[in-house]
């Protein structure tokens with residue numbers, strides 16, 4: 001929404017929504033819903049509208065509605081999106097196909113299970129807070145130790161869904177975890193040897209084939225692909241240094 | 001009924017999260033049902049402010065005291081969950097400056113530490129502020145993550161044996177005579193409808209409290225009061241920026257990640273499921289918050305949404321901001337003569353733990369359980385532990 | 001998905017793959033130049049091939065080329081297969097089969113070169 | 001639309017979709033897909049090439065008849081496609097190496113188009129040589 005979304009006329013849009021409930025709506029199917037879309041409406045708003053006025057059983061994840069929690073990632077017209085910040089009319093199609101993320105196990109409808117994602121995050125050393133990059137020159141009141149802010153990654157799973165390798169190899173750590181690992185290395189509050197070993201392992205940084213679809217899919221400007229490559233550069237340097245018996 | 005618990009909590013928001021955590025720590029067999037994803041109602045959608053209480057220090061000192069107390073407790077039990085950057089109340093107009101005395105006094109009365117800055121000092125700390133800023137007062141506000149903080153409570157509760165069922169909607173309250181004995185739920189995962197028994201049911205559904213209380217044949221005086229919030233790209237302040245004025249529309253900017261969340265407005269609704277997004281409220285956000293941080297008017301919009309506060313008040317009360325932000329726990333045995341159901345409502349994200357403590361005390365007293373509250377000192381697990 | 005990442009084995013074949021790839025580009029370039037300048041008319045006849053291989057620089061170059069191209073091709077094939085998500089045992093089997101294929105290819109290539117070089 | 005949850009797709013089809021289906025994807029996946037396809041083609045070619053060279057052991061006659069065959073239009077087309085695969089795989093390999101070592105990662109899209117244009121030019125020159133010089 002470039003001009004902060006001034007109101008305009010509504011437009012009817014058909015939503016073709018992936019439906020699946022194990023043992024109930026099984027095999028899956030696509031249900032069609034018509035929604036009168038106003039210019040501010042996001043894909044999540046449209047789903048809320050469908051759930052509250054057309055089908056109360058439609059299941060999808062959502063929480064913060066402003067790209068902070070990362071629960072509402074899904075696919076619209078085949079592309080990973082964060083539904084709370086994806087404007088429907090800006091998708092530019094009269095029919096919008098809404099599907100769950102790939103790779104992550106399906107729970108029902110548009111809901112996927114994030115357990116496997118969280119499992120891989122832990123060893124990567126992901127931390128919630130980081131030192132803010134914002135305005136380091138600004139003065140600080142004495143009581144504030146250092147300005148801090150949350151990591152950009154909101155753990156939505158979009159990159160995992162977009163990556164051609166995670167799609168076929170469930171053991172590959174995946175873009176989000178490896179990007180987190182890089183951030184942990186940079187922050188340096190974990191043992192670098194442990195993190196290097198993790199990055200350098202069979203399922204780590206080298207499995208990536210640089211399709212860079214993770215970065216294209218990331219709704220939070222993390223650039224997981226770029227961080228992964230930066231991680232490789234560091235690991236390469238580490239390996240070379242180790243080869244010559246230098247201190248890391 | 002195949003399953004029976006000591007306590008069944010309806011509603012997986014921040015209150016429900018803190019309540020199952022509290023009850024699990026007290027050793028009760030507890031389950032929680034939530035119709036959608038956890039924190040998909042009001043809890044997830046708030047502006048992410050860990051209140052210092054400053055906002056209420058003049059008009060609503062009960063809420064203010066609750067806020068500062070819980071603020072300090074949460075920092076202790078959920079380390080690394082906050083952007084501990086504090087907050088500023090900034091005066092732009094002479095009217096704002098005139099409010100300073102009452103504000104600082106109110107904060108002192110409620111135990112909220114303050115520190116005052118001149119215009120020049122303020123601008124050195126927050127260069128994007130309106131250059132007309134006259135002075136500022138610092139308070140211990142912070143930014144929290146509306147999804148990950150409640151998830152820490154859920155994670156800890158789960159590891160202490162609580163049973164948490166998202167995607168499970170209550171379709172009926174089961175009663176024997178005038179006693180609630182359980183609930184009928186529908187799973188939105190597989191469409192199954194089944195019953196869960198409980199010695200006590202807690203209605204922690206916030207703005208949806210009325211829907212549940214109707215099923216149970218009891219009454220709760222909750223008024224859904226939505227507000228509009230807008231997130232713009234860019235982090236335009238290091239600290240939380242509040243307007244040094246009585247509570248009003250568009251009086252806060254909360255920096256969160258690489259966003260600035262500006263808020264908020266207030267109206268009343270009867271339907272918490274269809275809040276809508278009044279365009280004039282959105283524009284008002286840009287206008288009013290722009291008075292403090294002019295840059296937010298031109299910053300690219302990231303999201304605009306509504307969230308409904310579960311305020312306590314009767315239909316007879318007209319105003320919105322006059323209603324207290326405090327919380328209350330209702331035992332419907334006393335109010336409506338219905339045994340086996342308790343309602344907790346009101347309050348805010350910051351006071352989630354306190355609301356849970358109050359409710360758990362009522363629950364334990366009703367069930368005849370003697371177990372002290374331990375949530376004040378129990379450090380929470382990381383949110384990721386919910387998935388392990 | 002398994003709970004923790006199996007960290008026992010180091011990765012890093014990607015580095016060697018990139019390195020051998022760059023090597024191949026150089027070797028291929030030399031190969032083309034050699035074809036162009038040493039065998040000026042292209043390899044039009046059996047005798048031309050023999051004459052070409054008689055040059056010791058060409059001989060060594062072709063043998064290195066064979067080694068590197070075999071390595072690069074097999075590691076590439078292995079990447080495609082392992083990207084399908086193999087268990088450890090399956091991975092081991094694939095490694096063994098591909099190693100055997102590589103050995104056979106190299107041996108056969110060396111035999112061929114020896115055969116031609118001795119005919120010349 | 002498939003009737004099967006994406007997550008339950010059989011592996012073969014899943015791989016084909018994930019690696020080669022460009023719908024909803026950008027040039028990154030296209031670059032990767034071309035690289036994989038050309039790589040597999042070259043892998044097959046390597047075997048064929050070794051087999052062809054094996055005819056050398058059967059003496060002059062066999063080799064001459066192969067050369068005859070190699071001048072047929074079918075083989076010319078095959079050779080030309082092979083040339084395209086080699087050129088693209090090689091140039092994209094350089095791109096992948098640079099991107100993969102974090103050297104020019106943010107420029108990966110622009111580099112893809114450079115690779116495509118350079119490949120086309122080189123290939124055109126190679127085909128010209130094949131057809132008119134040799």
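The values are calculated or read from the model by the stated rules, or taken from the named source; none is laboratory data. Bear in mind that the values here come from a model prediction, so they are computed numbers and not experimental data. Here the Cβ positions follow ideal geometry from the backbone for every residue, glycine too, while neighbour counts run over all protein chains shown.
Tell me which of these residue A:129 doesn't satisfy, since it passes every other one: (1) over 26 Å from residue D:8 (Cβ atoms); (2) buried (at least 23 other Cβ atoms within 10 Å of the Cβ); (3) at pLDDT below 95.
Going through (1) over 26 Å from residue D:8 (Cβ atoms); (2) buried (at least 23 other Cβ atoms within 10 Å of the Cβ); (3) at pLDDT below 95 one by one, residue A:129 breaks only (2).
Scanning the stretch A:28-43 for residues that are facing another protein chain (nearest Cβ under 9 Å) and not in a strand (DSSP E or B), which turns out nearest to residue D:8 (Cα to Cα)? Working first, answer last.
In the first step, residues of the stretch A:28-43 are kept if they are facing another protein chain (nearest Cβ under 9 Å); the result is A:28-30, A:38, A:40-42.
If we keep only those that are not in a strand (DSSP E or B) too, we end up with A:38, A:40-41.
Working: A:38: 36, A:40: 35, A:41: 32 Å.
Across the stretch A:28-43, the extreme among qualifying residues is A:41.
Every residue, every condition in (1) touching a strand residue (DSSP E or B) at 6+ places or on another chain (Cβ under 6 Å); (2) touching a residue at least 24 places away in the same chain (Cβ under 8 Å); (3) surrounded by 24 or more Cβ atoms within 10 Å (Cβ to Cβ), yes or no:
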{"position": "B:206", "(1), (2), (3)": "yes, yes, yes"}
{"position": "B:240", "(1), (2), (3)": "yes, yes, yes"}
{"position": "B:251", "(1), (2), (3)": "yes, yes, no"}
{"position": "B:255", "(1), (2), (3)": "no, yes, yes"}
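Based on what the data block shows, is residue B:319 in contact with a strand residue (DSSP E or B) (Cβ under 8 Å, 6 or more places away or on another chain) and modelled with pLDDT under 95?
On the way: in contact with a strand residue (DSSP E or B) (Cβ under 8 Å, 6 or more places away or on another chain): no; modelled with pLDDT under 95: yes.
Considered against the rule, which asks whether it is in contact with a strand residue (DSSP E or B) (Cβ under 8 Å, 6 or more places away or on another chain) and modelled with pLDDT under 95, residue B:319 comes out as no.
Residue check: is residue A:108 crowded, with 24+ Cβ neighbours inside 10 Å, over 27 Å from residue B:304 (Cα atoms) and touching a strand residue (DSSP E or B) at 6+ places or on another chain (Cβ under 8 Å)?
Numbers: crowded, with 24+ Cβ neighbours inside 10 Å: yes; over 27 Å from residue B:304 (Cα atoms): yes; touching a strand residue (DSSP E or B) at 6+ places or on another chain (Cβ under 8 Å): yes.
Criteria met by residue A:108.
Is it the case that some residue within the stretch A:15-27 is touching a residue at least 60 places away in the same chain (Cβ under 8 Å), crowded, with 18+ Cβ neighbours inside 10 Å, at the interface with chain B (Cβ under 9 Å from one of its Cβ atoms) and assigned to a loop (DSSP other than H, G, I, E, B)?
no
Looking at B:155, B:136, B:142, can you tell me which residue is surrounded by 23 or more Cβ atoms within 10 Å (Cβ to Cβ), within 11 Å of another protein chain (Cβ to nearest Cβ) and over 30 Å from residue B:121 (Cβ atoms)? Walk me through how you get there before you give the answer.
On the way: B:136 fails: over 30 Å from residue B:121 (Cβ atoms); B:142 fails: over 30 Å from residue B:121 (Cβ atoms).
Answer to the check: B:155.
Which of the residues that make up the stretch A:47-77 are more than 8 Å from chain B (Cβ to nearest Cβ), out of contact with any helix residue (DSSP H, G or I) (no Cβ under 6 Å at 6 or more places or on another chain) and touching a residue at least 60 places away in the same chain (Cβ under 8 Å)?
Of everything in the stretch A:47-77, those that are more than 8 Å from chain B (Cβ to nearest Cβ), out of contact with any helix residue (DSSP H, G or I) (no Cβ under 6 Å at 6 or more places or on another chain) and touching a residue at least 60 places away in the same chain (Cβ under 8 Å) turn out to be A:47, A:75.
Residues A:127, A:95: which one is more than 10 Å from chain B (Cβ to nearest Cβ), more than 15 Å from the chain's Cα centre (by Cα) and at negative phi?
Numbers: A:127 fails: more than 10 Å from chain B (Cβ to nearest Cβ).
None of the others qualify; the one that does is A:95.
Mind listing whichever residues of the stretch A:107-124 are more than 10 Å from chain B (Cβ to nearest Cβ) and not in a loop (DSSP other than H, G, I, E, B)? Give the derivation first.
Within the stretch A:107-124, the first condition is being more than 10 Å from chain B (Cβ to nearest Cβ), and the residues that meet it are A:110, A:112, A:120, A:123-124.
Within the stretch A:107-124, A:112, A:120, A:123, A:124 meet the criteria.
Name the strands (runs of 3 or more DSSP E) wholly inside the stretch B:178-278 in which the number of residues that are at pLDDT 95 or above, within 14 Å of another protein chain (Cβ to nearest Cβ) and closer than 21 Å to residue B:89 by Cβ is 1 or more. First the steps, then the outcome.
Details: elements: B:179-187, B:193-203, B:222-233, B:240-243, B:252-256, B:259-263.
Where strands (runs of 3 or more DSSP E) fall fully within the stretch B:178-278 and carry at least 1 residues being at pLDDT 95 or above, within 14 Å of another protein chain (Cβ to nearest Cβ) and closer than 21 Å to residue B:89 by Cβ, they are B:222-233, B:240-243, B:252-256, B:259-263.
Just to check your reading of the model, which residue among C:19, C:86 is over 19 Å from the mean Cα position of the chain (by Cα), free of Cβ contacts under 8 Å to residues at least 24 places away in the same chain and under 19 Å from residue D:43 (Cβ atoms)?
On the way: C:19 fails: over 19 Å from the mean Cα position of the chain (by Cα).
Going through C:19, C:86 in turn, the sole match is C:86.
For the stretch A:160-191, what are the residues that are in a loop (DSSP other than H, G, I, E, B) and more than 9 Å from every other protein chain (Cβ to nearest Cβ)? Full working, then the answer.
In the first step, residues of the stretch A:160-191 are kept if they are in a loop (DSSP other than H, G, I, E, B); the result is A:163-174, A:188-191.
Result: A:174, A:188, A:189, A:190, A:191.
Any residue at all in the stretch A:177-189 that is in contact with a strand residue (DSSP E or B) (Cβ under 8 Å, 6 or more places away or on another chain) and over 30 Å from residue B:167 (Cα atoms)?
Of the stretch A:177-189, the ones in contact with a strand residue (DSSP E or B) (Cβ under 8 Å, 6 or more places away or on another chain) are A:183, A:187.
Checking which are over 30 Å from residue B:167 (Cα atoms) leaves us with A:183, A:187.
Yes, the stretch A:177-189 has at least one match.
So is residue A:142 at pLDDT below 90 and touching a helix residue (DSSP H, G or I) at 6+ places or on another chain (Cβ under 6 Å) or not? Working first, answer last.
Details: at pLDDT below 90: yes; touching a helix residue (DSSP H, G or I) at 6+ places or on another chain (Cβ under 6 Å): no.
It is false that residue A:142 is at pLDDT below 90 and touching a helix residue (DSSP H, G or I) at 6+ places or on another chain (Cβ under 6 Å).
I'd like the residue in the stretch A:204-248 that is touching a residue at least 12 places away in the same chain (Cβ under 8 Å) and over 20 Å from the mean Cα position of the chain (by Cα) and, out of all such residues, is farthest from residue A:151 (Cα to Cα).
Top of the filtered list is A:239.
Could you pull out the residue among C:99, C:82 that is under 22 Å from residue C:18 (Cα atoms) and either in contact with a strand residue (DSSP E or B) (Cβ under 6 Å, 6 or more places away or on another chain) or buried (at least 17 other Cβ atoms within 10 Å of the Cβ) (or both)? Full working, then the answer.
Details: C:99 fails: either in contact with a strand residue (DSSP E or B) (Cβ under 6 Å, 6 or more places away or on another chain) or buried (at least 17 other Cβ atoms within 10 Å of the Cβ) (or both).
Going through C:99, C:82 in turn, the sole match is C:82.
Looking at the stretch B:292-308, can you tell me whether even one residue there is part of a helix (DSSP H, G or I) and either without any contact (Cβ under 8 Å) to a residue 24 or more places away in the chain or assigned by TED's automatic domain parsing to the domain that holds residue B:212 (or both)?
Going through the stretch B:292-308, the residues part of a helix (DSSP H, G or I) turn out to be B:292, B:294-297.
Right, trim to either without any contact (Cβ under 8 Å) to a residue 24 or more places away in the chain or assigned by TED's automatic domain parsing to the domain that holds residue B:212 (or both) and you get B:297.
There is at least one residue in the stretch B:292-308 that is part of a helix (DSSP H, G or I) and either without any contact (Cβ under 8 Å) to a residue 24 or more places away in the chain or assigned by TED's automatic domain parsing to the domain that holds residue B:212 (or both).
Got a sec? Which helices (runs of 4 or more DSSP H) wholly within the stretch A:192-248 have at least 2 residues that are closer than 21 Å to residue D:105 by Cα and within 12 Å of chain D (Cβ to nearest Cβ)?
Values: elements: A:192-200, A:213-217, A:224-243.
In the stretch A:192-248, A:213-217, A:224-243 are the helices (runs of 4 or more DSSP H) which contain 2 or more residues that are closer than 21 Å to residue D:105 by Cα and within 12 Å of chain D (Cβ to nearest Cβ).
Quick check: is even one residue across the stretch A:135-152 buried (at least 23 other Cβ atoms within 10 Å of the Cβ), in contact (Cβ under 8 Å) with a residue 24 or more places away in the chain, in the same structural domain as residue A:232 (by TED's automatic domain parsing) and not in a strand (DSSP E or B)?
So far as the stretch A:135-152 goes, no, none of its residues is buried (at least 23 other Cβ atoms within 10 Å of the Cβ), in contact (Cβ under 8 Å) with a residue 24 or more places away in the chain, in the same structural domain as residue A:232 (by TED's automatic domain parsing) and not in a strand (DSSP E or B).
I'm trying to understand the selection: among the residues of the stretch B:4-27, which are surrounded by fewer than 24 Cβ atoms within 10 Å (Cβ to Cβ) and either free of Cβ contacts under 8 Å to residues at least 24 places away in the same chain or under 15 Å from residue B:365 (Cα atoms) (or both)?
Correct list: B:6, B:26, B:27.
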